[in-house]
Amino acid sequence: MSTTVETGKKRTSSVRLIATSLTLFSMFFGAGNLIFPPMIGVEAGTSFLPAITGFLLGGVALPVLSIIVIALSGTDLRDLSNRGGRIFGVIFSCAVYLSIGAFYALPRTGAVSFSTAVSPLTGWTSTSVSVIFNALFFALAFYLSWKPGEIIDRLGKILTPLLLGLLTLLAIVSVFTFDSTPGAPSEQYASHPLTAGILSGYLTMDSLGGLAFGIIVVTSFTRTGGGIGAKTVKRTSIAATIAGGLLALVYLSLGLIGLKMPGAHAFDNGAELLSQASNLALGPFGQIAFGLIVVTACMTTAVGLLVATSEFFARLMPKIRYETWLAGFAIISFIIASAGLNKVLAVAGPIIGLLYPVAITIIFITIFTHPLRHITRCELAFKLAAWTASALSILATLQDLGIAAESIEGFIGWLPGHAESVAWVIPTILMAIIGLLIDFRLARSRN
């Protein structure tokens, strides 16, 4: 009898693990993630291998680590970032939710839908048509977000297998059908393909999403595992790794399509490229099916982001109702998305440059200091590292925007890695080490 019960528990545990892994994959894989890997295949050319390796590091490895960090800390993003100070915690967590919400990832869902489903099938590319489509798109997203209930979960369970199935079919047919010879890499991939690939991987925004939504995965396992502990961390890590493996396979397949598709250089973004690849590989029906599935994927992603972002700000400022936040973010997303996919992607650069150094710092400082938690909380190490990364990323972003560019160049231009946009790394590591030494000294003096 006991053996039967134990077998049943193991089976239930395995089913929950697989279900959580697939759910996490669907959370990471918004349809917007489709647009980046194909363009790496096009632009990297003969440097595809190091470029796609870098992309997988930035777009898969970091998101997986972000989930593990949340499991290790057992807190949500705001509590985790509060280790850098209460003001820092509020500002950083707000910036993350705005970037995965109305300032970038949300508008991207509408813009990708228009570029993938409407433009290739109808030939309509005007701003007025984009405005009409995005008005309808975000009006529906707003409606579904009002009381989402179980509809989004059901759509997701149907959508994810369909999307994965079509992508698998598209990738297999494309790889064995297309025979275009890879060209010379573009300027950014010619000299530093690995670094350029990592920076492109940032654009998925999944590392920030992992920090924001990781607590959902942890909570799922905690309810059946008796609280935060080694078992929960292990199961969360396994689920994150499985989801990351699926992401890696999808990204690699999409990159190969861009690498081998004839005439791929004629496209400005990955959405249009994949739509045409579907047409070439599977015919008009494949293009239509691909467009419809991507629109549905974008819709479920949009609803999830609207709900999560609105709930966060409603908790942060409870005097403003959830419905008010929801309406505001839907309207902002509609306005930005109507400008077109390329404009949305242009907005991403400054946001990524500002937030990712801080996010990466929080991820790694949490992982490296976790084994020391019984000796010291490493408060100063966390603060000095987070503040240093923040200061340097702000300066680099201002320079990229042309604000006091010459003065900033003189201040940070000498730092190693400045040309590759990673000048923050060495100073942040040094400040973390200094803070850690002080933390150890303070801990010893207390004892």
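The values are calculated or read from the model by the stated rules, or taken from the named source; none is laboratory data. Computed from a predicted model, the values in this text were never measured in an experiment. Cβ coordinates were reconstructed from backbone atoms using ideal geometry, including for glycine residues, and neighbour counts include every protein chain displayed. Note: accessible area is taken over every heavy atom of the protein model, side chains too, but ligands, DNA and RNA are not part of it. Shrake-Rupley method; radii C 1.70, N 1.55, O 1.52, S 1.80 Å.
When G340 is tested against (1) surrounded by fewer than 18 Cβ atoms within 10 Å (Cβ to Cβ); (2) within 26 Å of the chain's Cα centre (by Cα); (3) at positive phi, only condition (1) is not met. Filtering V303, V295, V307 for residues that are open to solvent by 30 Å² or more (accessible area, probe 1.4 Å), in a helix (DSSP H, G or I), over 15 Å from T168 (Cα atoms) and in contact with a helix residue (DSSP H, G or I) (Cβ under 6 Å, 6 or more places away or on another chain) leaves a single hit, V295. Given the conditions (1) outside any helix (DSSP H, G or I); (2) surrounded by 21 or more Cβ atoms within 10 Å (Cβ to Cβ), report the number of the one that G255 does not fulfil. Result: G255 fails condition (1) only. Of all the listed residues (L354, L306, L326), the sole one being among the hydrophobic types (A, V, I, L, M, F, W, C), out of contact with any strand residue (DSSP E or B) (no Cβ under 9 Å at 6 or more places or on another chain) and under 30 Å from I433 (Cβ atoms) is L354.
With respect to being without any contact (Cβ under 8 Å) to a residue 60 or more places away in the chain, out of contact with any Phe, Trp or Tyr (no Cβ under 7 Å at 6 or more places or on another chain) and either assigned by the TED database to the domain that holds A230 or closer than 30 Å to P185 by Cα (or both), I91 fits the description. For L380, the test of being crowded, with 16+ Cβ neighbours inside 10 Å and under 29 Å from E272 (Cα atoms) is failed. Are any of the residues in segment 332-342 more than 19 Å from F137 (Cα to Cα) and aliphatic (A, V, I, L, M)? Taking every residue of segment 332-342 in turn, none turns out to be more than 19 Å from F137 (Cα to Cα) and aliphatic (A, V, I, L, M).
Taken over segment 393-407, the residue count meeting the criterion of being among the hydrophobic types (A, V, I, L, M, F, W, C) and more than 19 Å from I360 (Cβ to Cβ) is 5. Look at segment 397-409: where a residue is in the same structural domain as L355 (by the TED database) and in a loop (DSSP other than H, G, I, E, B) and a partner is open to solvent by less than 80 Å² (accessible area, probe 1.4 Å) and among the hydrophobic types (A, V, I, L, M, F, W, C), sitting 6+ places away or on another chain with Cβ atoms under 7 Å, you get A404/L398.
Just for segment 187-215: of the residues that are open to solvent by 40 Å² or more (accessible area, probe 1.4 Å) and either free of Cβ contacts under 8 Å to residues at least 40 places away in the same chain or assigned to a loop (DSSP other than H, G, I, E, B) (or both), which one is farthest from P50 (Cα to Cα)? The residue in question is L203. Only a single criterion out of (1) at pLDDT 90 or above; (2) open to solvent by 70 Å² or more (accessible area, probe 1.4 Å); (3) in the same structural domain as S126 (by the TED database) is not satisfied by F329, namely (2). Elements of the type helices (runs of 4 or more DSSP H) sitting completely within segment 1-104 and holding at least 3 residues that are modelled with pLDDT of 90 or more, open to solvent by less than 40 Å² (accessible area, probe 1.4 Å) and within 27 Å of S237 (Cβ to Cβ): these cover 48-56, 62-73, 86-99.
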